[in-house]
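K.L.:
Quick one: structure below, then a few questions.
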Amino acid sequence: MRRASPRIAFTLFEVAISLAIVAVAVIGSALVMTGGLRAQEASRFRLYAAAKAIEMADVYAQADHQFLRQAYEADELGRSPFTWNQTDLERALQGGWFGTLVLPDTIARRLDSQGDEIAHLLDAGGKLFYASPRPAMAADGEGGHYYTKGWTGIDLKLASEAQKLVIGVIGPAQQDALLCHPCIGWPYHSFYPSPPDVIYGEAKGWTQWPERDAWERQATAHGWPAVDEMRAVCAASRPDPANLVAVQAYIDAARALVVACGVAVDPSAGGPVPRPPQALPAPPWNPSDPDVFPPPWRVLAMRWLANAALMRTGDRLPPASAVEAAYAVATHEASLAWAHRYARADPYDWGANRIVQEMCALDYPLLQFDLFSTPRAIDDGAGGIDRSWLVSTARPVRNVARARGYDGPDALLPDNHAAIAASWGDPARFTLTDRFDASARTRQLVFWAVDWQAFEDFESTPTATFDAKQHNLDSRGMYVKHQDFLANPERELVWRDAGRALAGFPPTPGGSRGDLHLFPQLTVGAYGADRNGNGVFDRGPLPATTRMRATPVTRYNFYDKRILASLRN
């Protein structure tokens, strides 16, 4: 007899319970997978942020590289564009040289963050930054230009995901030291020995003597001696190296100058040799002791004598005697010894150039703006007023040299000693040498992740505002930077015209060469920029009225330095 197989019957309730169990298992698996993907995405963002932080730290460690081809001396305080350059990290990033660009404030204001940290940063005058879509390269030797193809010929682009990072520098900055006085780029350097400095304007057919002119002015203003002997040295200082009579005349003029300047000398068979400096006495040192603080005119005279004596040993003249060779060596050694003593004695004595064979930090005087002074106003000649704070120093500056206008429109500035004399603030407000706690100089580099390129106007929004001193023209319309160095940090990505981009024609982003007829558009980025670097005018799916939440990725503490200090040059 056949037995019937048992039947299992489920009620609807039991079926519902079973489905619920399966659903929980499926949803749990999906959540675990989603959480894993989010963790993986967060890890990638942290890696991108770490790589970018290292790049930014490298920029910060050699910030002097952003000062290429800029005029750093002006005839008046308020006309110096170089004072824009500070050692703050965000200042280094705002120039656009090193692969980090400024996110327009219009877009940055749409981003929410925990504790409104982004909003507070913007309210305090800070900026948000984004990574340039293309690496910064210097294929033409000028630096700071972005290229679709660099040295390798490879089309280099940043990962699109990495561009979702936005970066802020959080915390108050310290007041930075000035890189140099706005009216004179001290220190100047010369080889010791060398003849009096000359600047040749070959194209314009002129020659200028900055050290001679400075000596003459100091003689009138501060009693520098031996003006006639100094002029004789300058007149004889560049003889035909094959003309023994002319070389000897240079030597004789230099000897006369050394004696007229009151340099202590020892007689020798070859002629008077400057006596080397004595050992330093125990401090405190007397400012009037010429062995401790040698007068700059004596240092100049000994430099020129050593140069003249060395010329006698040149290979285009009859062989020098043993006496003449020994004299050249002796004057050379004395010149070096006094140059070192002078350079180390007082960084605020600006009368003689520092020795180029021993360039070091002690050559550079510490200067800062006196932020509590009444700003000095200078009429720019075009109906406007240039303004600047006064300059504060640790102690008074002496023997101001001749400003030379390096990298400016002319080779030598007009005499601006009056402007320099009127530039000094209260030394009591000088703080660069004050003691400090390290915590007072700690700031944070903060990274958030947000898809800001999803906004419909992310490539049509004009460039963020920037300091007018970044511009290549001053308030009078004079070039103070090479014209290729346009002020806009996004200069290599800006749209040249709105019509081509909006109509969908092949865009022509970036580049200043040959585009000076579009100068205003290139300068201010009026039509936006190719911010994702794909060569196409893009629109995101989100309207400009949308707000986005920026997710914190990571943050790094860093030390906010106050003076320019580079790891390498």
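The values are calculated or read from the model by the stated rules, or taken from the named source; none is laboratory data. Just so we're clear, the structure is a prediction, and the values are computed from it rather than from any experiment. Don't worry about glycine lacking a Cβ; one is built from the backbone with ideal geometry, like all the others, and counts go over all protein chains shown.
K.L.:
Note down all Cβ pairs under 7 Å where the first residue falls in the stretch 266-277 and is of a type in the set (Lys, Arg), the second is modelled with pLDDT of 95 or more, and they're at least six residues apart or on different chains.
P.N.:
Arg275/Ala264; Arg275/Val265; Arg275/Asp266
K.L.:
Mind checking which residues of the stretch 420-441 are more than 17 Å from Asp88 (Cα to Cα), surrounded by 10 or more Cβ atoms within 10 Å (Cβ to Cβ) and basic (Lys, Arg)?
P.N.:
If the condition is that a residue be more than 17 Å from Asp88 (Cα to Cα), surrounded by 10 or more Cβ atoms within 10 Å (Cβ to Cβ) and basic (Lys, Arg), then Arg429 is the only one that fits.
K.L.:
Say we look at the stretch 310-362 and pick out the residues that are of a type in the set (Gly, Ala, Ser) and within 35 Å of the chain's Cα centre (by Cα); which of these is modelled with the lowest pLDDT?
P.N.:
The qualifying residue modelled with the lowest pLDDT is Ala361.
K.L.:
Starting from residues that are surrounded by fewer than 20 Cβ atoms within 10 Å (Cβ to Cβ) and at positive phi, keep the ones in the stretch 382-411 and report whichever is modelled with the highest pLDDT.
P.N.:
Taking the candidates together, the pick is Asn399.
K.L.:
Looking at the stretch 423-450 only, could you name the residues that are in contact with a helix residue (DSSP H, G or I) (Cβ under 8 Å, 6 or more places away or on another chain) and not assigned by TED's automatic domain parsing to the domain that holds Met56?
P.N.:
If the condition is that a residue be in contact with a helix residue (DSSP H, G or I) (Cβ under 8 Å, 6 or more places away or on another chain) and not assigned by TED's automatic domain parsing to the domain that holds Met56, then Ser423 is the only one that fits.
K.L.:
Separate question: Going through the stretch 281-300 one residue at a time, which ones are part of a loop (DSSP other than H, G, I, E, B) and in contact with a strand residue (DSSP E or B) (Cβ under 8 Å, 6 or more places away or on another chain)?
P.N.:
Phe293 - this is the single residue of the stretch 281-300 that is part of a loop (DSSP other than H, G, I, E, B) and in contact with a strand residue (DSSP E or B) (Cβ under 8 Å, 6 or more places away or on another chain).
K.L.:
Filter the stretch 278-313 down to the residues that are touching a residue at least 40 places away in the same chain (Cβ under 8 Å), over 11 Å from Thr331 (Cβ atoms) and aromatic (Phe, Trp, Tyr) and list them by number.
P.N.:
Of everything in the stretch 278-313, those that are touching a residue at least 40 places away in the same chain (Cβ under 8 Å), over 11 Å from Thr331 (Cβ atoms) and aromatic (Phe, Trp, Tyr) turn out to be Phe293, Trp297.
K.L.:
Okay, next question. Within the stretch 135-152, can one find any residue that is in the same structural domain as Ala53 (by TED's automatic domain parsing), outside any loop (DSSP other than H, G, I, E, B) and at pLDDT 85 or above?
P.N.:
no
K.L.:
Here is a further query. So Ala306 passes all but one of these: (1) touching a Pro at 6+ places or on another chain (Cβ under 9 Å); (2) assigned to a loop (DSSP other than H, G, I, E, B); (3) not hydroxyl-bearing (Ser, Thr, Tyr). Which condition number does it fail?
P.N.:
Checking Ala306 against (1) touching a Pro at 6+ places or on another chain (Cβ under 9 Å); (2) assigned to a loop (DSSP other than H, G, I, E, B); (3) not hydroxyl-bearing (Ser, Thr, Tyr), the one that fails is (2).
K.L.:
Tell me, which residue of the stretch 520-564 that is exposed (fewer than 14 other Cβ atoms within 10 Å of the Cβ) and within 26 Å of the chain's Cα centre (by Cα) is modelled with the lowest pLDDT?
P.N.:
Checked the stretch 520-564; the qualifying residue modelled with the lowest pLDDT is Pro520.
K.L.:
Would you call Ala309 closer than 23 Å to Val323 by Cα and surrounded by 23 or more Cβ atoms within 10 Å (Cβ to Cβ)?
P.N.:
Here the answer is yes, as Ala309 does meet what is asked.
K.L.:
How do the pairs read when you match residues in the stretch 98-114 that are closer than 22 Å to Tyr60 by Cα and in contact (Cβ under 8 Å) with a residue 12 or more places away in the chain with residues anywhere that are of a type in the set (Gly, Ala, Ser) and part of a strand (DSSP E or B), using Cβ under 7 Å and keeping only pairs 6 or more apart or on different chains?
P.N.:
Phe98/Ala136; Gly99/Ala131; Gly99/Ala136; Thr100/Ala131
K.L.:
Name the strands (runs of 3 or more DSSP E) wholly inside the stretch 161-262 in which the number of residues that are in contact (Cβ under 8 Å) with a residue 24 or more places away in the chain and out of contact with any Phe, Trp or Tyr (no Cβ under 9 Å at 6 or more places or on another chain) is 1 or more.
P.N.:
Output list reads 165-170, 199-201.
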